[in-house]
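The next block holds one structure in the form of structure tokens; read it before the comments.
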Amino acid sequence: MNRADWMLLLPEIVLCGGGVLVMMLEAISPALRRGFMALSLLTTAVAAWAVYWVTPGHTVTGAEATFHGLLETSPTTAAFSYVILLATGLCLLASQGYLRRERILAGEYHSLLLWCAAGLLLMLRATELLTVFLSLELLSLALYSLAAYHRRLAISGEAAIKYFLMGAFVSAFVLYGIALVYGATGTTRFAEIGPALAGQPDVPVLAILGFLMLIAGFGFKMSLVPFHAWSPDTYQGAPSPFVAFLSVAPKVASALVLYRLLGAVVQGGGPVNVQRWSTVIAILSVLSMVVGNLLALVQRDLKRMLAYSGIAHMGYLLLALVTLDRSSLVPVLVYLLAYVLMNAGAFTVVTLLYSRPGEQHLISDLAGWGYRYPLLGGCLSVCMLSLGGIPPTVGFLGKYVVFLKAVGDGHVGLAVTGVVASLVGVFYYLRVVYYLYMKPETRQPEGLLIDVWGRTAAVVAALGTLALGIWPTGLLQWLIAATTAK
């Protein structure tokens, strides 16, 4: 290890150091707890600056990458890192009022969240499977703890146990898949798996089983059908501001890992094998779109509805990965950025307007509250319209570029399926807006703590959703430049 290695690892060092500092302050001076959010937010901003600082002029891949090629730094990983850090910042802003209201404000929450972000950034930059696994475990241990953070609620413990048991099972799948891929190819590096497979007369059965296990593992993190069973219960029981992070950030990193994994498959297989893997991704996409929307359609709990709709959104995302090439990255990034803004914004408003975390978050409880809370009602409406893919929001832009990629690759049937599934989704998203403004108020709000930080998170998410939807040119140019840079 040399100085350059440490410098290029600066974003992760900042996040881990910030988490350790918050824990030390919690032990030394608990009276400073109200300042932990500001300190954590500053740490996230410094990490974003560090990502920017290490990227220009340091587009290092292959043998020149950090730590003997285990980690890379490129404009592409930087773009994904910014999306992760945006989700982290929104979650921190949304959490302060919730933690104070529930009387569980402590430094452990902020530290675990920063360590989650560090694990995700490491996963984004990993160039080989074992580093991905270590990053995944760092991330997962923190996620399990945060899911159970509201210790006084039985439903929170239940959510965490379900998530932990499923996650542990999936971790075994991922590790066994890595072992099988290594046994078939003699390497765990993404850049070397493809050539190793291409040098063999046929793709070994071990490699096929290994890839299937890896796809299942990251399909779990992305809540793809049939690996989705954990998400509704976990989303409902976990603290709502944390769900704003859980529902988006791990999916961003998992999407890039899945892209790299499929890229190795495409590089190492002949036309027949490539077609088979494209079929697998297409099946996962259709199942997620159809099942996610149909199950969301019948939900009366807002958090469960968003959980099932998230499954559908990952199905839309997979349309860009059915035919894998470098141009797949732009629609994937656009869609993930849109999803972070609109989904995190929706969960932020849920955090502020529902004061009974141990009970159901009924959509009917919002009746008439669009007039009682015009700012939050407007933000939630914008996020719902964006989730439904209605212009001029960034959600429409995300679906447009994904469907356009599918049509351009010749998958017109998949694109039509996505459009029809999206039309189904519009119904249950507009139902939320309908209750906000078209139904008389049936319940008086009780015990709410709507702080300035939570309102700021909701406004940032809603304004970002509108601004990027109305003026998308700069975003698209930046993402194209980032994903085409060598």
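Within segment 201-224, which residues are touching a residue at least 24 places away in the same chain (Cβ under 8 Å) and over 18 Å from residue 246 (Cβ atoms)? Spell out the reasoning first.
Going residue by residue through segment 201-224, those that are touching a residue at least 24 places away in the same chain (Cβ under 8 Å) are 203, 206-207, 209-224.
Matches in segment 201-224: 203, 206, 207, 209, 210, 211, 212, 213, 214, 215, 216.
So is residue 166 surrounded by 19 or more Cβ atoms within 10 Å (Cβ to Cβ) and part of a helix (DSSP H, G or I) or not?
Numbers: surrounded by 19 or more Cβ atoms within 10 Å (Cβ to Cβ): no; part of a helix (DSSP H, G or I): yes.
In short, no.
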Look at segment 139-154 and say how many of its residues are more than 16 Å from residue 165 (Cβ to Cβ) and more than 16 Å from the chain's Cα centre (by Cα). 6
In this structure, is residue 373 in contact with a Leu (Cβ under 8 Å, 6 or more places away or on another chain), farther than 25 Å from residue 234 by Cα, in contact (Cβ under 8 Å) with a residue 60 or more places away in the chain and hydroxyl-bearing (Ser, Thr, Tyr)? yes
Which number in (1) touching a helix residue (DSSP H, G or I) at 6+ places or on another chain (Cβ under 7 Å); (2) under 22 Å from residue 93 (Cβ atoms); (3) not acidic (Asp, Glu) marks the one condition that residue 34 misses? (1)
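Suppose we filter 378, 345, 315 for residues that are part of a helix (DSSP H, G or I) and touching a Cys at 6+ places or on another chain (Cβ under 6 Å); which single one remains?
Numbers: 378 fails: touching a Cys at 6+ places or on another chain (Cβ under 6 Å); 315 fails: touching a Cys at 6+ places or on another chain (Cβ under 6 Å).
Of 378, 345, 315, the one residue that is part of a helix (DSSP H, G or I) and touching a Cys at 6+ places or on another chain (Cβ under 6 Å) is 345.
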For segment 170-202, what are the residues that are farther than 20 Å from residue 256 by Cβ and either at pLDDT 85 or above or buried (at least 16 other Cβ atoms within 10 Å of the Cβ) (or both)? 172, 176, 179, 180, 182, 183, 184, 185, 186, 196, 197
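Would you call residue 265 in contact (Cβ under 8 Å) with a residue 12 or more places away in the chain, among the hydrophobic types (A, V, I, L, M, F, W, C), in contact with a Leu (Cβ under 7 Å, 6 or more places away or on another chain) and on the phi < 0 side of the Ramachandran plot?
In short, no.
Condition test on residue 17, is it over 24 Å from residue 449 (Cα atoms), surrounded by fewer than 21 Cβ atoms within 10 Å (Cβ to Cβ) and not acidic (Asp, Glu)?
Values: over 24 Å from residue 449 (Cα atoms): yes; surrounded by fewer than 21 Cβ atoms within 10 Å (Cβ to Cβ): yes; not acidic (Asp, Glu): yes.
Answer is yes for this residue.
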Contacts under 6 angstrom Cβ, first residue in segment 398-421 being surrounded by 16 or more Cβ atoms within 10 Å (Cβ to Cβ), partner at pLDDT 90 or above and of a type in the set (Phe, Trp, Tyr), 6 or more apart: 398/335; 402/316; 402/335; 415/403; 418/316; 418/403
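So, in segment 422-449, of the ones that are free of Cβ contacts under 8 Å to residues at least 24 places away in the same chain and assigned to a helix (DSSP H, G or I), which residue ends up surrounded by the most Cβ atoms within 10 Å (Cβ to Cβ)?
Going through segment 422-449, the residues free of Cβ contacts under 8 Å to residues at least 24 places away in the same chain turn out to be 423, 434, 438, 444.
Going one step further and asking which of them are assigned to a helix (DSSP H, G or I), we end up with 423, 434, 438.
On the way: 423: 12, 434: 16, 438: 11.
Here the residue is 434.
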Within segment 89-109, the count of residues that are within 30 Å of residue 482 (Cα to Cα) and surrounded by 24 or more Cβ atoms within 10 Å (Cβ to Cβ) comes to 5
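A quick yes/no check of all residues on (1) under 21 Å from residue 186 (Cα atoms); (2) surrounded by 24 or more Cβ atoms within 10 Å (Cβ to Cβ):
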position: 204; (1), (2): yes, no
position: 216; (1), (2): no, no
position: 224; (1), (2): no, yes
position: 288; (1), (2): no, yes
position: 293; (1), (2): no, yes
position: 297; (1), (2): no, no
Would you be able to say whether some residue in segment 338-345 is modelled with pLDDT of 90 or more, more than 16 Å from residue 426 (Cα to Cα), under 17 Å from the mean Cα position of the chain (by Cα) and not small (Gly, Ala, Ser)? yes
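The values are calculated or read from the model by the stated rules, or taken from the named source; none is laboratory data. The model shown is predicted, which means the values in this text are computed figures rather than measured ones. Cβ sites come from the backbone with ideal geometry, for glycine too, and all protein chains shown count toward neighbours.
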